[in-house]
Amino acid sequence: MRVDYITGNTAIAEAAIVAGLKFYAGYPITPSSDIFEYLARELPKHGGHVIQFEDEIASINAVIGASWACAKAMTATSGPGFSLMLEAISLAVITETPLVIAYVMRTGPSTGVPTRAGQYDVLQATYGFHGGLVIPVLAASTPQEAYDLTVKAFNVSEMLRTPVVLLTDATIAHTYGKVIMRERGELEIIERIRPLTPPDKYKPYEPVKEHVPAMACFGDGYNVLVESLTHDERGYYAPRTDVQRKLMWRLYRKIVDSAPKLFDYSAIGLEGCDYAFISYGSTALSAQVAAKMLREKGYRVGTLKLRTLYPIYEDGIRKLVSSAKKVFVIENNVGLYYRELRAILRDKEVVSVPIIDLDLPQPQEIVEVVKQWL
Amino acid sequence: MAVAHPLDKYLRTDRIPTMWCPGCGLGIVMGTLLRAVDRRIKEGSLKRENVGFAGGIGCTARMTLYPLFDSAHVIHGRAIPFALAVKIVKPEMKMIVVGGDGDLAAIGGNHILHAIRRNADLLVVMVNNMIYGMTGGQVAPTTPRGLYTTTTPYGNPEREMNMIKLTAALGANYVARGSITHPQLLEQYLYKALGKRGLAFVEVISTCPELFGRHIGFRSPVDLYMEIRKRIVIKAKPSIEESDYSWEKGFVIGEFVDRDEPGFTDTIYEYLNKIRGGGVQ
Ligand SMILES: Cc1ncc(C[n+]2csc(CCOP(=O)(O)OP(=O)(O)O)c2C)c(N)n1
Ligand code: SF4
């Protein structure tokens, strides 16, 4: 275990190395580039490769290739780069390729304010790719969470054979904080299931555990098939409704059914509260301060900071805010994740508190907006 | 099961017949490529489990569906970064990228550019059938000027993209152009390309009788084949300049570049070893 004052971006890089990262491919983009630069310096010392590709499209496709050579692989980017990666994320979904994307959000749309924060891409992170499925999205609000959730992101990607997005923003990226860095041996590190069957019996897309198939890699002698077309368990193209249904539901269920297992949050004062604040990422820090200010004024306000944004654990969230009469969803965008929460908290009044700020939304501003509703 | 064909051992025979149209040149490309691989495996210069295929999307890229090797059928234009990453992580692999002219020269153009600049250790086989086959006969960057395609119904006004010139200019270790009309020569190029370090690029002039041939007036696959054959010019040592083609001028085939610069993989492992050995801080 080590303790250091580091930024969110450094925490991601450090944690990735501990998780067993062996291949990083990227294209520079603010505010994610220092993850890349840090790894370029440190990862080779651990026997890993760091390569700057010609664009984000090449980067994500290389990450997929590296993962199929059985290296733990990742990239980091921001909105414009993530947009370029979307087609390949869909490929990673259908081919069930474990990989991690650190998505350091900046202000958009388009080039926006590249150096400053926002939470505009929270829906895009899981819904952006074509094909109508979901990928896990974890959201960090501090360098410590960035560290812990990076390890978790690798574990989830290996366990479920899926791309995982680790969502942060420009504020977390460059804020220093004390980080307790647990090392290998002090952490759970999950590796993908490898085939137990001999090559002639192996089917690359046959689930062996909770919808997840075992993964053979290039060079293992298994004649693996990485197939972007709709495929059966052998990986053979099969343009049939029965095959499509089976594949879609398995890919969907393997993520959605693991929602309870992936659920990660911190709650303050939710028990017996009248009002609940729900937030995530850097904005959650402001929300917690705002809640404290209101508690000091005598309001019973609790806060729920979500660290797992997708898959959504509906029962878990419902239970946590069950005593609240009103739920406020505080975020630094036009009110996006609010839509998700409104859909699952149907029996409550759910209020969107969208505060657009190039830095952290000010707690005082949150209090002022919320007060109209108390 | 009786062995029906000497290459059956390299094929997922349960997937044959292929999806290709009758008379398509792609069968010849695949057969020739597998024969070249077979020669390498037999002579012991290549291990079967170390051969991997990657293709994007297109009729050509579907060639990845049939060989009984590690194989990836990824997305349109992106097979090169996939294959390059496999090669970096597992340098013992021999990665073969197969793709159409749309897959590799149009949408994947940026990747081939940089793969060559890096002298990435890949064999890239680009099938030039002068058309987008899979999507129904639209113009390709390689379509000869003047010819009809479904998206240039008044004739293609654009210049032909000469990938030989491009790959030679950027420093590939091996650059050759073959044709399905001359499979023995093609096999020789592919065999040689498989033995190279760095980037080996082989362009294959091929036929799409269905959506190129028929559209420009050749009613049968044989007619198109004979027409292309007529326009092939074999040269023992052609110059790079001679690689420019047009429908009227025809297509010069041969070996344009053969050199032996260090490949990308060797170079990055050299760095990696230095760093790990403390040579670089
Ligand atoms: C991003 C994307 N754009 C477009 C397509 C549709 N598409 C499939 S194959 C292809 C081109 C096929 O032509 P070529 O690469 O020359 O291969 P051929 O079929 O002639 O072998 C296109 C445009 C796609 N699959 N993905
Ligand atoms: S469309 Fe053309 S290239 Fe594709 S299989 Fe048919 S003949 Fe071959």
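The values are calculated or read from the model by the stated rules, or taken from the named source; none is laboratory data. Not measured: the values here are computed from a predicted model. Positions of Cβ are backbone-derived with ideal geometry, glycine not excepted, and every protein chain shown enters the neighbour counts. For accessibility, only protein heavy atoms count, side chains too; no ligands or nucleic acids. Shrake-Rupley method; radii C 1.70, N 1.55, O 1.52, S 1.80 Å.
Values for this structure:
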item	result
Answer from A:Phe36, A:Phe23 - the residue that is facing chain B (nearest Cβ under 7 Å), among the aromatic types (Phe, Trp, Tyr) and within 19 Å of A:Val151 (Cα to Cα)	A:Phe23
Conditions (1) more than 14 Å from every other protein chain (Cβ to nearest Cβ); (2) open to solvent by less than 10 Å² (accessible area, probe 1.4 Å): number failed by B:Asp38	(2)
Residue under evaluation B:Leu68, criteria (1) open to solvent by 10 Å² or more (accessible area, probe 1.4 Å); (2) closer than 24 Å to A:Met85 by Cβ; (3) among the hydrophobic types (A, V, I, L, M, F, W, C), criterion not met	(2)
Unique match (being open to solvent by 100 Å² or more (accessible area, probe 1.4 Å), acidic (Asp, Glu) and either in contact with a His (Cβ under 9 Å, 6 or more places away or on another chain) or in a helix (DSSP H, G or I) (or both)) among B:Glu248, B:Glu270, B:Glu227, B:Glu242	B:Glu270
Segment B:120-153, subset within 14 Å of another protein chain (Cβ to nearest Cβ) and over 21 Å from B:Leu186 (Cα atoms), residue nearest to ligand 1 (Cβ to nearest atom)	B:Met134
Single condition B:Asp223 does not satisfy, out of (1) under 20 Å from B:Met95 (Cβ atoms); (2) away from ligand 1 (no atom under 16 Å from the Cβ); (3) of a type in the set (D, E, K, R)	(1)
Qualifying positions in segment B:57-97 - touching a strand residue (DSSP E or B) at 6+ places or on another chain (Cβ under 7 Å), in a loop (DSSP other than H, G, I, E, B) and within 12 Å of ligand 1 (Cβ to nearest atom)	B:Gly58, B:Cys59, B:Thr60, B:Val74
Which numbered condition B:Thr32 fails, given (1) at negative phi; (2) assigned to a loop (DSSP other than H, G, I, E, B)	(2)
Residues located in segment B:8-35, provided they are among the aliphatic types (A, V, I, L, M), open to solvent by less than 50 Å² (accessible area, probe 1.4 Å) and away from ligand 1 (no atom under 16 Å from the Cβ)	B:Leu11, B:Leu34
Given (1) buried (at least 23 other Cβ atoms within 10 Å of the Cβ); (2) more than 7 Å from chain B (Cβ to nearest Cβ), number of the condition A:Leu43 does not satisfy	(1)
Qualifying residue in segment B:204-220 (condition: among the aliphatic types (A, V, I, L, M) and over 30 Å from B:Leu84 (Cα atoms))	yes
Matching residues, segment B:98-119, being within 11 Å of ligand 1 (Cβ to nearest atom) and more than 16 Å from B:His73 (Cβ to Cβ)	B:Asp101, B:Ala105, B:Ala106
